[in-house]
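All remarks here apply to the structure that follows.
Read-outs: derived from the displayed coordinates by stated rules, not from any lab. Since we're looking at a predicted model, the values are computed, not measured. Neighbour counts are summed over all protein chains in view; Cβ atoms, including those assigned to glycine, are modelled from backbone coordinates with ideal geometry.
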Amino acid sequence: MISETAKRNHEELFSNHESTLKDTDPELIEVFDNFAFDEVVSYGNLDKKTRLKVILSTLIASQTLSEYKVMLSGALNIGVTPVEVKEILYQAVPYCGIAKVIDFIHATNDVLMSRRVELPLERQSTTSPETRFEKGLAVQKAVFGEMIDTMYEESPEDELHVQEYLSDNCFGDYYTRTGLDIKTRELLTFSMILSMGGCEPQLKAHVQGNVNVGNDKETLLSGLYDPPWRSPAVTRGGSSPCAQPSCTEPAKSESRMSPTRPSSIRPVQSYASRGPVSAAATSGRTGRWNRARRAAGWVTRPSA
């Protein structure tokens, strides 16, 4: 028998909808609905809208388009706004890749237009081609702290552009947008990386990033253990990525954790030991980093 709580929560999302599986697979629907719409939602500190945002991000990363369209309707029914939905999709682009997100964007547009939502929606960008790097770097440092300095300083010259991609694209183009706040964006990023699986070093870094922006352990566990829509990656190894000391307190300023550089790679020489910055470098992508450091008053580490 489906519990009254499960019925009530299901009805709130999908008013007057009866699953066809209720006739063909009644035992499965009984088990699933009691679990997903009663037992699971009773745990944790996520409000209904935030939980639905996490579920949508999970379904995008898991590449489950049919279920995404179902849950998208439920999310819109309880007040998740079209702007918030679009920002979830856009936030997925730098982490999942446009090839994996594009079908979800088209499907979302179809759903919104069927609800007579006028597209395109109001612009949410806060940067320009000239400011995206500096603003992105500022947000990146606000989330991850001084480890960003370390990542730049220890990056080989021929890999520095990758660090700049993170600053200007992931953070400058996406994290700086309005429509979702930083805490929500970081929670959704955590959810997507978790759902894709095989990204444990990056996942660990975003556990710390979440804590740094104010998402505590209970919040992460609330999003982590939403198993009806989550891949088996959640319970891989029988342990939680939140079962770490870093999940309970913000990172200390001396943190050297890197979300991109494996610990087995030997750190390379610092910027200071590479000699003067050339005029060519100053006028290129590398020069943006050097100009940003000077503008912020950062002191280059002395060479060893």
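Would you mind counting up the charge near Thr126? Only other residues with Cβ under 14 Å from its Cβ, with Lys and Arg at +1 and Asp and Glu at -1. That works out to -2.
Estimated at 0.36 nm per residue, the fully extended path between Glu200 and Ile102 surpasses their Cα-Cα distance by 32.8 nm.
Counted residue by residue at 0.36 nm each, then reduced by the alpha carbon distance between them, the extension gain from Glu159 to Thr20 reaches 44.8 nm.
Between Arg116 and Glu146, take the C-beta separation as r, use R0 = 51 Å, and let me know the FRET efficiency to the nearest 0.05. For R0 = 51 Å, the calculated efficiency reads 0.55. Whole-Hz Karplus values for the stretch 101-116 come out as 9, 4, 5, 5, 5, 4, 5, 5, 4, 4, 5, 5, 5, 5, 9, 6 Hz, taken residue by residue from phi with 6.51 cos²θ - 1.76 cosθ + 1.60 and θ = phi - 60°; glycine and proline positions read x. Label positions at Glu30 and Lys69, each projected 7 Å from the Cα along the C-beta direction, are separated by 3.0 nm.
Projecting label points 7 angstrom from Cα along Cα→Cβ for Arg123 and Asp181 puts them 2.6 nm apart. For a test of the definition: using alpha carbon positions, the gyration tensor, and the 1.5 limit on a/c, classify the stretch 1-129 as rounded, prolate or oblate. Prolate is the answer for the stretch 1-129, as a/c is 1.5 or above and a/b outweighs b/c.
Restricting attention to the stretch 148-229, which chymotrypsin sites (Phe, Trp or Tyr not before Pro) occupy a DSSP loop and are surrounded by at most 16 other Cβ atoms within 10 Å? It would help to have the intermediate numbers written out before the result.
Details: sites: Tyr152, Tyr165, Phe171, Tyr174, Tyr175, Phe190, Tyr225, Trp229; in loops: Tyr225.
Counting only loop positions with at most 16 other Cβ atoms within 10 Å, the chymotrypsin sites (Phe, Trp or Tyr not before Pro) in the stretch 148-229 are Tyr225.
By the beta-carbon count within 10 Å of each Cβ, the least crowded to most crowded order of Ile102, Ile182, Ile148, Ile55, fewest first, is Ile102, Ile182, Ile148, Ile55.
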